[in-house]
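Structure provided below as structure tokens; questions to follow.
All of the numbers you see were taken from the coordinates with simple rules; none came from a lab. These figures come from a predicted structure and were not determined experimentally. Every residue, glycine as well, gets a Cβ built from its backbone with ideal geometry; the counts of neighbours run over all protein chains shown.
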């Protein structure tokens, strides 16, 4: 089996990773949410994990009113969250990609605070 395929198979989020990411996300600690998954992504290079990291980073950008940074990371996150080769994940990546797409559509017309408040709870 190729090394990359083996890494993808082992990329599945551990329950403690999911729990920590969810807690940070739900509490609005988006930079910390992103940091919780980064070591796992570095080890596996799974695109789904990277998409989750980028989505959290986008909300962090929004919390700082950095619309340009939010737009760039949302666009990148959507593509990665929708990758059919992503490792199994306890989060609905399609629903999160849809949420990210909705943020992009409203980015120029809705306050960052309202966009952040509209996030799904994990």
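Find the relative contact order for the chain and round it to a whole percent, using C-alpha pairs within less than 8 Å whose residues are 6+ positions apart.
Relative contact order of the chain: 26 percent.
In addition: Once you put a point 7 Å from the Cα of residue 45 and another 7 Å from the Cα of residue 94, both along the Cβ direction, what distance in nm separates them?
Using points 7 Å along Cα→Cβ, the separation is 2.8 nm.
A further question on this structure: Using only alpha carbon positions, build the gyration tensor of the chain, then give the equivalent ellipsoid semi-axes as the square roots of 5 times its eigenvalues, largest first, whole angstrom.
After scaling each eigenvalue by five and taking roots: 25, 15, 12 Å.
Give me the one-decimal nm value for the distance between modelled label points at residue 121 and residue 65, 7 Å along each residue's Cα-to-Cβ direction.
With each label placed 7 Å out from Cα toward Cβ, I get 2.9 nm.
Quick one: Kirkwood hydrodynamic radius for the stretch 42-88, alpha-carbon pairs, angstrom, one decimal?
Over the stretch 42-88, the inverse of the mean reciprocal pair distance is 10.7 Å.
Let me ask something else. How would 46, 108 line up from fewest to most surrounding beta-carbon atoms within 10 angstrom?
With the sparsest Cβ surroundings first, the list reads 108, 46.
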